[in-house]
Amino acid sequence: MTLGQLAQAVGARVAADQAGNRVSRVSTLDSAGPEALTFLADERYLERLRASHAGAVLLCEQHVAESPVPCLVCDNPHAAFARAAALLHPAKRPPPGIHPSAVVDAGAHVDPAAHIGALAVVGQGCRIGAGAIVGPGCVLLDDVELGEGVWLVARVTVGPDCRIGARTQIHPGVVIGADGFGLASDDGRWLKVPQLGRVILGEDVEIGANTTIDRGAIEDTILGDGVKIDNLVQVAHNVKIGDHTAIAACAGIAGSAQIGAYCTIGGGVGIAGHLRLVDHVHVTGMSLVARSLDEAGAYSSSMPAQPMRSWQRNAARFRHLDEMAKELKRLEEQSRNDHGDNS
Amino acid sequence: MTLGQLAQAVGARVAADQAGNRVSRVSTLDSAGPEALTFLADERYLERLRASHAGAVLLCEQHVAESPVPCLVCDNPHAAFARAAALLHPAKRPPPGIHPSAVVDAGAHVDPAAHIGALAVVGQGCRIGAGAIVGPGCVLLDDVELGEGVWLVARVTVGPDCRIGARTQIHPGVVIGADGFGLASDDGRWLKVPQLGRVILGEDVEIGANTTIDRGAIEDTILGDGVKIDNLVQVAHNVKIGDHTAIAACAGIAGSAQIGAYCTIGGGVGIAGHLRLVDHVHVTGMSLVARSLDEAGAYSSSMPAQPMRSWQRNAARFRHLDEMAKELKRLEEQSRNDHGDNS
Amino acid sequence: MTLGQLAQAVGARVAADQAGNRVSRVSTLDSAGPEALTFLADERYLERLRASHAGAVLLCEQHVAESPVPCLVCDNPHAAFARAAALLHPAKRPPPGIHPSAVVDAGAHVDPAAHIGALAVVGQGCRIGAGAIVGPGCVLLDDVELGEGVWLVARVTVGPDCRIGARTQIHPGVVIGADGFGLASDDGRWLKVPQLGRVILGEDVEIGANTTIDRGAIEDTILGDGVKIDNLVQVAHNVKIGDHTAIAACAGIAGSAQIGAYCTIGGGVGIAGHLRLVDHVHVTGMSLVARSLDEAGAYSSSMPAQPMRSWQRNAARFRHLDEMAKELKRLEEQSRNDHGDNS
């Protein structure tokens, strides 16, 4: 593509005498050769920009002077890069049709413009929208609905009655709509509470590999539009997640938690059950959210590693922190008395 | 079903003039209409009870006066609700038979009353009990035994020689009996130690989606009866878990740990290897159990998130906690000397 | 096998008059009968050695006198045991050939000495090396390359263009080469950044069940030779892991992190993105590595559980640690002043 075509497509400006230059792929600042487009989104990489041999670079107005190569100037180079990369490297979607090895129930409805891959299973009553892809090895149990353009990459499982909104992409190993962890204690033993709700995923959602999203106990587990979830995340029954919230890998959201829109949840974070987080809450990696958060903002209980010896000394003290606090208070009072006496 | 039938089935009492009323499904206190049964198990929801339009509600004697709708009175409304929900919404178990697309080894024994789903694989020497279900996409490697009524929902993998007790239910993506992480260091390189044990699951166990339970190294990994495990939990080789213990999502149990019966392990908890936890131990979410626990009771190292700025100030101090403790001790001694001098 | 044969194979010494003794399997110190080989690698088990009825025991010179049974003497009994166990219990590798139920694209190249299992999918352009095993239910998307002797046990997914080095073993449920979590913020919404890199696994790697290793964003995600990863680990896009590093279960490595060679990463550890850990770094379980580590050694932020009441008292104080530190400083200064005044 020419830089002029790309600039128009991603909303950038390019010098007229460079608009006819061509690039064929994207690359990093370091590795890009004259056939590649790259980008600068972080000032820390200015040095790399100065040494770049790219065919063109997406950047902000303020960095144009630093660039030794043709510039595509825009306000948000990272977003423009995402769009340009999608144009230069379009995803290979398989063509419509049902692979002969797939097992599609006679009572399922598959749009003629959908693709059902090798050795996939599509249960009774499923409805697969136009342009949807059910990749190889996927299993859709009964009465699942996939919207237009949904893409289940491979080996995804979707439980009965779940609904997946248009253009949502789900990566291998994901399990949507397994039973939640619903147990009633009965004289020390556990009775299973039937899990009768569904999972409802919005449009333009993305779910990372081996993530699990449980069906609701009675009502539904619901993820809004544009929600992005990384790999190995647990979303328990009855959870609600607002639009455009992103959750990084290995996080766990306990039952009936409600997370607002435009939140970011760091990797390995735990969110306790039955809490409510308002919109625009940001939680740093490996923190535990143990109460509702009623104000937007950043929250943390991340505890960074130290060299083991000093850590262990500090952790040993932590086990006596309450006593330390009491002793400190005693000294404080004594000091007040002493200096009161002296005054 | 009539309230009278339900009351009898779940061990509740109902007023004689309401025993003929009918309900057809369960619902929440808020959403239940006159066709639905609901329950009250937590006093925090009394307000919702007072506003409920349910057909009937399961509750304790002490809350009967608060209910505007017919009552089913019992000692444990949550357990009674679990039983009632199972009656009103029986699980749809597929009928006996082997799907033509399944690959069942000629040397496997499948009970005529078992179901083998589409595109499942059943290896040589497997024994599948009456009423067992091997859902679509499951893979049983050689010599696996499933007890009566076992239900592998879909896409479950079971490694060679593993044994699964009667009525155990396993959700999609679970891997039972993969090799444990057995490594011997050999001049800085790792040698694989063959993993020769099995996994033995008790009866009435439930295992959540994408959980992994490794085979023993030499002896077996063993889970007792009624053990309930949530999603994305890791159970390493040689672990033993006592009857009726429950483990929430994202927990990890390291090799050769022994967990007692009737324990509850919170979400994201880590339990170090070669430890022993007695019966009735309860560990709060995201704690790390780093030594054996010889007494029943609750344990924690859960660290709840704060607004980021105050957290960071505190965490920075933590890195110097040992120095703080020493300084505090110095002041203490000085204070003792001063007041000794003064006395 | 005779003890003489085993001793020679694993590099141990055995008394001449015992070299003809035979053992047929391995076992633990406690359980081994006269037909079994066992080992002693840890002095804590000396008591068990003294009570052992094994046919033979692998141990160090210094413990020979304690053994009531024939000894195979060597420097590293655990490594020798690993080798002996592999000889006595050779892994059952399925024979070459393509199962008739597998779906192998006409454009794939499968070595005649490779095995493709039941209901596996091998995409266009794949190249499967001699002796490689693609177990039942595996899905290889297009252009995957497996080196000689690679073993995908069952239900493994490998994304397009990924490369897996010789003799690498991958356990069920693993997802290699799913898209990384690449998002660009665009007015509060998330734009997907196409993930164009590959995953390159070295030789003799082992990957545990349900672990996920994302493809690179532009360049590749690379794991060196002999890397060993446990179950349910997340390795994000662009991560590099040096040779012979081991990572325990439930750890999460964020994007573009670089981990050196010969490191050990404990269970549940989180490593933040864009960091660099040098060789020979060791991180204890459930720690968070939040900055680069430029020196070899052990690091920790592991916080062990206490009885809940004392933990909660300490954690409550932690929320005011900064204030405590300030008050302590104030007392210190006052003390200095007081004693300065007095001097």
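Structural remarks
- Taking the label point 7 Å along Cα→Cβ, B:Gly11 and its counterparts in the other copies are spaced 6.3, 6.3 nm apart, in ascending order.
- The relative contact order of region B:3-88 comes to 29 percent, based on Cα pairs under 8 Å that sit 6 or more residues apart.
- Per residue accessible area of region B:1-125, 1.4 Å probe, in Å²: 49 Å²
- Per-peptide average of other Cβ atoms within 10 Å, ordering C:270-278, C:101-109, A:144-152 highest first: A:144-152, C:270-278, C:101-109
- Two-site label geometry, A:Leu46 and B:Asp186: point separation in nm, points 7 Å out along Cα→Cβ: 5.3 nm
- Other-chain or far-sequence residues with amide H under 5 Å of B:Ile116's (modelled H): B:Gly97, B:Ile98, B:His99, B:Val134
- From most to least packed by mean Cβ count within 10 Å, the peptides C:286-292, C:62-68 give C:286-292, C:62-68.
- Probe 1.4 Å, protein heavy atoms only - accessible area per residue of region A:202-296 in square angstrom: 27 Å²
- 3J(HN,Hα) along region B:241-248, derived from phi through the Karplus expression 6.51 cos²θ - 1.76 cosθ + 1.60 where θ = phi - 60°, amounts to 10, x, 4, 6, 8, 10, 10, 7 Hz, with x in place of Gly and Pro.
- DSSP bridge pairs, the protein assembly as shown: antiparallel proportion in percent, nearest 5: 10 percent
- Counting only Cα atoms, the size of region C:3-88 along its three principal axes is 28, 25, 24 Å, in decreasing order.
- Relative contact order of region C:58-202: 13 percent, from C-alpha pairs under 8 Å at least 6 residues apart in sequence.
- Distance (nanometres) between label positions extended 7 Å along Cα→Cβ at C:Asp294 and C:Gln334: 4.1 nm
- Ratio of Rg to Rh over region C:82-207 (Cα coordinates, Kirkwood Rh, two decimals): 1.07
- Choice from A:Leu321, A:Leu196, A:Leu223 with maximal GNM fluctuation in chain A (Cα, 10 Å cutoff): A:Leu321
- Centroid-to-centroid separation of region A:23-62 and region A:302-318 [C-alpha atoms, Å]: 41 Å
- Kirkwood hydrodynamic radius (C-alpha pairs) into Stokes-Einstein, region A:266-305, 37 °C and 0.692 mPa s, D in µm²/s: 319 µm²/s
- The protein assembly as shown: calculated mean residue ellipticity at 222 nm from DSSP helix runs of at least 4, using -39500 (n - 2.57): -5000 deg cm²/dmol
- This model, with +1 at the C-beta of Lys and Arg and -1 at the C-beta of Asp and Glu, gives chain B a dipole about its Cα centre of some 800 debye.
- Protection proxy ranking, peptides C:234-241, B:198-205, B:17-24, C:209-216, average beta carbon neighbours within 10 Å, highest first: C:209-216, C:234-241, B:198-205, B:17-24
- Label 7 Å beyond Cα on the Cβ vector: C:Lys329 copy-to-copy distances, nm: 2.3, 2.3
- In terms of accessible area, using a 1.4 Å probe and ignoring ligands and nucleic acids, B:Phe181, B:Phe318 rank largest first as B:Phe181, B:Phe318.
- Reported to the nearest whole Å, the Cα centre-to-centre distance from region B:87-120 to region A:108-172 is 23.
- Only beta bridges with both residues in chain B are counted; by DSSP, about 10 percent of them are antiparallel.
- Computed Rg/Rh of region B:97-299, alpha carbon atoms with Kirkwood Rh: 1.01
- C:Gln5/B:Arg276 FRET efficiency (R0 51 Å; Cβ-Cβ; nearest 0.05): 0.85
- At 7 Å out from Cα toward Cβ: C:Asp187 inter-copy label distances (nm, ascending): 6.3, 6.3
- Just checking the listed ones, B:Val69, B:Val121, B:Val174: in the Gaussian network model of chain B with Cα springs under 10 Å, the one fluctuating most is B:Val69.
- Taken residue by residue and averaged, Cβ atoms of other chains lying within 10 Å of the Cβ of A:268-275 number 5.
- Protein heavy-atom accessible area occluded, B/C pair - total, 1.4 Å probe, Å²: 5600 Å²
- Working from label points 7 Å from Cα in the Cα-to-Cβ sense, the B:His89 to B:Arg313 distance is 4.8 nm.
- Taken over chain C, the ratio of Cα radius of gyration to 2.2 N^0.38 Å equals 1.32.
- Average projection area in nm² (convex hull over Cα atoms of the protein assembly as shown, one quarter of hull surface): 50.0 nm²
- Inter-chain Cβ neighbour average for residues C:212-221, partner chain, 10 Å: 4
- The mean number of partner chain beta-carbon atoms within 10 angstrom of a residue's beta-carbon across peptide C:155-161 is 5.
- Taking chain C and dividing mean pair separation by its residue count, relative contact order in percent (alpha carbons under 8 Å, at least six apart): 6 percent
- Accessible carbon and sulfur surface of chain A relative to its total accessible area, %, 1.4 Å: 50 percent
- Per the Debye calculation on region C:1-146 with a single equal scatterer at every Cα and no solvent contribution, log₁₀ I(q)/I(0) for q = 0.10, 0.14 Å⁻¹ amounts to -0.52, -0.67.
- Cα shape, region B:210-343, gyration tensor, a/c 1.5 rule: prolate
- Net charge dipole size for region B:193-256 [Lys, Arg +1 and Asp, Glu -1 on Cβ; Debye, nearest 20]: 240 debye
The values are calculated or read from the model by the stated rules, or taken from the named source; none is laboratory data. The structure displayed is predicted, hence computed values, not measured ones. When we count neighbours, we look across all protein chains shown, and the Cβ atoms used for this are built from the backbone with ideal geometry, even at glycine. Accessible surface is based on the protein model in full, side chains and every heavy atom, while ligands, DNA and RNA are left aside. Shrake-Rupley method; radii C 1.70, N 1.55, O 1.52, S 1.80 Å.
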